[in-house]
Amino acid sequence: MPERRSRIADLLAVMARLRDPEKGCPWDLQQDFSTIAPYTLEEAYEVMDAIERNDAEGLRDELGDLLFQVVFHARMAEERGWFDFDAVAGAIHDKLVRRHPHVFGDAEHSDWEELKAAERAGKDAGTLADIPKALPALSRAAKIGKRAARVGFDWANLQDVRAKVSEELVELDEEVAKDPASTETEEEFGDLLFALVNLARHLKIDPEAALRAASSKFEARFRRMEALAGRGHLRLSTLTAQEWDRLWLEAKRT
């Protein structure tokens with residue numbers, strides 16, 4: 001443990017030096033919360049990518065990059081007199097202990113969502129409070145649906161959700177028939193996606209993970225089609241619909 005604390009202290013010292021007004025790095029000194037936030041999100045996705053690739057060394061490096069983002073934000077907050085890194089670590093420590101009374105207290109079990117709901121109630125916040133707007137749209141929609149369901153606003157069963165999906169698809173078709181490029185068409189498409197996210201919730205499927213897997217599958221098959229076309233000296237831009245179908249079926253088989 002002492003060695004681990006030392007490495008954290010070293011990292012904090014590096015960050016302080018980078019932000020030193022006189023001897024720091026010009027780029028780091030120009031940054032603020034809004035300019036660093038996109039990098040924080042990018043690093044979180046790179047952590048996920050390393051996990052999906054089962055890359056242990058890459059995961060170590062990406063976790064380090066993500067930790068640096070936390071340190072960077074904490075340093076900027078400290079400069080404003082808001083809080084420092086210790087306060088960040090202390091806040092998550094206290095929250096974890098508070099939300100695990102079955103581990104650190106006398107309770108036999110605990111419900112994470114109920115504890116979170118109690119905390120929100122203590123802040124006089126609504127059911128949908130504190131769901132980050134910067135979340136990927138599918139993930140945010142899933143959280144919104146789950147929160148609403150916890151207070152009773154939900155479909156009674158899977159069949160009802162599936163019927164809602166069909167209803168939204170019909171409404172989308174109606175708007176497409178009027179004007180495919182209208183704002184109403186975009187709105188109905190969004191409603192269809194939201195209904196599909198709730199269908200995923202009732203099926204106990206993570207919609208973000210499901211779409212990511214589908215995209216990866218398509219990517220692998222398309223790369224395979226490119227390879228097959230290359231072997232046959234075919235230019236992708238000149239392929240007919242029939243040739244694309246043939247390559248697609250062959251890629252699926254292999």
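Descriptive notes on the structure:
- The listed residue being surrounded by fewer than 16 Cβ atoms within 10 Å (Cβ to Cβ), out of contact with any Asp or Glu (no Cβ under 8 Å at 6 or more places or on another chain) and aliphatic (A, V, I, L, M), out of Val88, Val97: Val97
- Enumeration of residues in the stretch 24-68 that are part of a loop (DSSP other than H, G, I, E, B) and touching a helix residue (DSSP H, G or I) at 6+ places or on another chain (Cβ under 7 Å): Gly24, Cys25, Asp32
- Selection from the stretch 58-90 of residues that are farther than 24 Å from Tyr45 by Cβ and small (Gly, Ala, Ser): Gly81, Ala87, Gly90
- First in the stretch 88-105 and without any contact (Cβ under 8 Å) to a residue 24 or more places away in the chain and in a helix (DSSP H, G or I), second anywhere and among the polar types (S, T, N, Q) and surrounded by 12 or more Cβ atoms within 10 Å (Cβ to Cβ), Cβ under 8 Å, 6 or more apart: Pro101/Ser110; His102/Ser110
- Selection status of Glu42, under 30 Å from Lys116 (Cα atoms), of a type in the set (Asp, Glu) and crowded, with 16+ Cβ neighbours inside 10 Å: no
- Of all the listed residues (Arg60, Arg53, Arg75), the sole one being out of contact with any strand residue (DSSP E or B) (no Cβ under 7 Å at 6 or more places or on another chain) and more than 30 Å from Ser216 (Cβ to Cβ) is Arg75.
- Filter result for Arg5 (more than 25 Å from Ala134 (Cβ to Cβ), at pLDDT below 95 and loosely packed, with under 11 Cβ neighbours inside 10 Å): yes
- Total residues in the stretch 130-150, condition surrounded by 11 or more Cβ atoms within 10 Å (Cβ to Cβ) and part of a loop (DSSP other than H, G, I, E, B): 4
- Residue check for Ala181: out of contact with any helix residue (DSSP H, G or I) (no Cβ under 6 Å at 6 or more places or on another chain) and part of a helix (DSSP H, G or I): no
- The set of residues in the stretch 139-176 that are in contact with a Ser or Thr (Cβ under 6 Å, 6 or more places away or on another chain), at pLDDT 95 or above and not acidic (Asp, Glu) contains only Val176.
The values are calculated or read from the model by the stated rules, or taken from the named source; none is laboratory data. Not measured: the values here are computed from a predicted model. Virtual Cβ from ideal backbone geometry, glycine too; neighbours counted across all protein chains shown.
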